[in-house]
């Protein structure tokens, strides 16, 4: 226990140096955690745990048409993009509470998670995801 070193905010550089020296392939992951990848809260979303192996991601996309939304996975990430064409007609808003602007959101997926279905209905985009449990880890009832 004598070798246990405690770190505080002043020692953060030493701590990060020690972590990066002892990890391989984790640089991107550590950078995402420290930088706080998401800077925007638009569009708002819910993450729902349906069961031990299933979850749903719901995004509020008021005013978006299905052809304006793109959902895809790439390199272990789930991307949701919304592309809105700016209106050419001049509109005077007394109050603008629905922010129907273009966006890109990304979430990192665990290696054992895959996207099942994607639906856009009544302004709510629902993405169902399932964790794939190998057979040797699945529950087996013997009696």
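Taken together, the values in this text are just the output of simple stated rules run on the coordinates, not laboratory data. Since the model is a prediction, treat every value here as computed from it, not as a measurement.
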### Summary
Note on the chain: contact order normalised by length, alpha-carbon pairs under 8 Å, 6 or more apart, percent, works out to 21
### Query
Among 76, 97, 116, which one moves the most in a GNM of the chain with springs linking Cα atoms closer than 10 Å?
97
### Message
Once each part is reduced to its C-alpha centroid, what is the distance from region 51-68 to region 97-140 in angstrom?
### Response
8
### Query
If you take the Cα Rg of region 66-136 and divide it by 2.2 N^0.38 Å, with N the number of residues, what do you get?
1.50
### Query
For the chain, modelled as a GNM with alpha-carbon contacts under 10 angstrom, which of 13, 52, 31 fluctuates the most?
13
### Message
If each DSSP helix of 4+ residues adds -39,500 (n - 2.57) and the sum is divided by the residues in the chain, what number results at 222 nm, nearest 500 deg cm²/dmol?
### Response
-4000 deg cm²/dmol
### Task
May I ask for the percentage of alpha-carbon pairs in the chain that lie more than 24 Å from each other?
54
### Task
Please find, in a Gaussian network model of the chain (springs between Cα atoms separated by less than 10 Å), the residue of 131, 105, 96 whose mean-square fluctuation is greatest.
96
### Message
What is the angle, in °, between the Cα long axis of helix 12-21 and the longest principal axis of the Cα atoms in the chain? Nearest 10 is fine, range 0 to 90.
### Response
80
